[in-house]
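> Below you will find the structure I want to go over with you.
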Amino acid sequence: TAIELGLSPYHALAMTADDTTHATIHLRFDFAAAHRLHVPAWSDEANLAYFGKCNNPNGHGHNYRFEVRVAIPAPHLGSFSIDALEAIVESAVIARFDHKHLNLDTEEFAAGTGLNPTVENIARVCYSLLALPVATLGEGITLCAVRVWETDRTSSEYPA
């Protein structure tokens, strides 16, 4: 059993009966980015067959939506700063990826990293960029998960 308070289309606060020692805050954000799905070790034909239009040599774009879920210990609920969390997300993720070609403009997905900018990998990278900064927001405050939507039908959550 859970109770969730929708604070806005981008903010929600939830608490479950299983864990009354923490609340989980959900914040949604958007960024626009281009990417190309491609495995350099494969032939052009194999890449096209596997990735289809997502293998366009010049890339293609998405308006990504992503949600961060942060656990806040009950004693910190009155002092937790949503503004501070938003600033962390802005500097760690949005400034890094918004209006960028992920393969060409970011170190996380650059050639030679071996990391294809799939929605699964984008979620994992966002989590890794946010976990430590979120923990600085207060004792016991932790990043639970990041979910990234590539389309209205396709998303990935990390950790699962």
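> Inspect the range 136-151 for any residue being more than 20 Å from residue 23 (Cβ to Cβ), surrounded by fewer than 18 Cβ atoms within 10 Å (Cβ to Cβ) and either of a type outside the set (A, V, I, L, M) or within 12 Å of the chain's Cα centre (by Cα) (or both) and give the result as yes or no. Walk me through it before giving the result.
Just the residues of the range 136-151 that are more than 20 Å from residue 23 (Cβ to Cβ), to begin with: 148-151.
Cutting the leftovers down to surrounded by fewer than 18 Cβ atoms within 10 Å (Cβ to Cβ) gives us 151.
Filter once more, so that each one left must be either of a type outside the set (A, V, I, L, M) or within 12 Å of the chain's Cα centre (by Cα) (or both): 151.
Yes.
> What tally of residues in the range 60-93 results from selecting those that are buried (at least 17 other Cβ atoms within 10 Å of the Cβ) and within 20 Å of the chain's Cα centre (by Cα)?
Here the count works out to 15.
> Can you give me the number of residues within the range 5-52 that are over 30 Å from residue 138 (Cα atoms) and among the charged types (D, E, K, R)? Show your work before the answer.
Within the range 5-52, the first condition is being over 30 Å from residue 138 (Cα atoms), and the residues that meet it are 32-52.
If we keep only those that are among the charged types (D, E, K, R) as well, we get 36, 44-45.
Total satisfying the criteria: 3.
> Follow-up. Does the range 8-50 hold any residues that are in a strand (DSSP E or B) and surrounded by fewer than 17 Cβ atoms within 10 Å (Cβ to Cβ), and which are they?
Our first condition is that a residue be in a strand (DSSP E or B); within the range 8-50, this holds for 8, 11-16, 22-35.
The answer is 8, 11, 14, 16, 28, 30, 32.
> Look through 88, 25, 72 and report the one residue that is touching a Pro at 6+ places or on another chain (Cβ under 7 Å), aliphatic (A, V, I, L, M), modelled with pLDDT of 90 or more and over 20 Å from residue 111 (Cα atoms).
Working: 25 fails: touching a Pro at 6+ places or on another chain (Cβ under 7 Å); 72 fails: touching a Pro at 6+ places or on another chain (Cβ under 7 Å).
Answer to the selection: 88.
> Would you point out the residue of the range 94-112, among those that are hydrophobic (A, V, I, L, M, F, W, C) and within 24 Å of residue 55 (Cβ to Cβ), that is surrounded by the fewest Cβ atoms within 10 Å (Cβ to Cβ)? Break it down into steps so the answer makes sense when it comes.
So the first thing to find is which residues in the range 94-112 are hydrophobic (A, V, I, L, M, F, W, C), and the list is 94-95, 97, 102, 104, 109-111.
Add one more test, that the residue is within 24 Å of residue 55 (Cβ to Cβ), and what stays is 97, 102, 104, 109-111.
Details: 97: 25, 102: 25, 104: 13, 109: 24, 110: 12, 111: 9.
It comes out as 111.
> Which pairs do you get when a residue that is within 14 Å of residue 150 (Cβ to Cβ) and among the aromatic types (Phe, Trp, Tyr), found in the range 36-56, comes within reach of a residue that is surrounded by 15 or more Cβ atoms within 10 Å (Cβ to Cβ) and modelled with pLDDT of 95 or more, reach meaning Cβ atoms under 8 angstrom, with the pair 6+ apart or on two chains?
51/37; 51/38
> Name the residues in the range 64-100 that are within 29 Å of residue 21 (Cβ to Cβ) and among the polar types (S, T, N, Q), would you?
79, 81
The values are calculated or read from the model by the stated rules, or taken from the named source; none is laboratory data. Note that the coordinates shown come from a computational prediction; the quantities given were computed from them, not determined experimentally. Note that each Cβ is placed from the backbone with ideal geometry, even for glycine, and that neighbours are counted across all protein chains shown.
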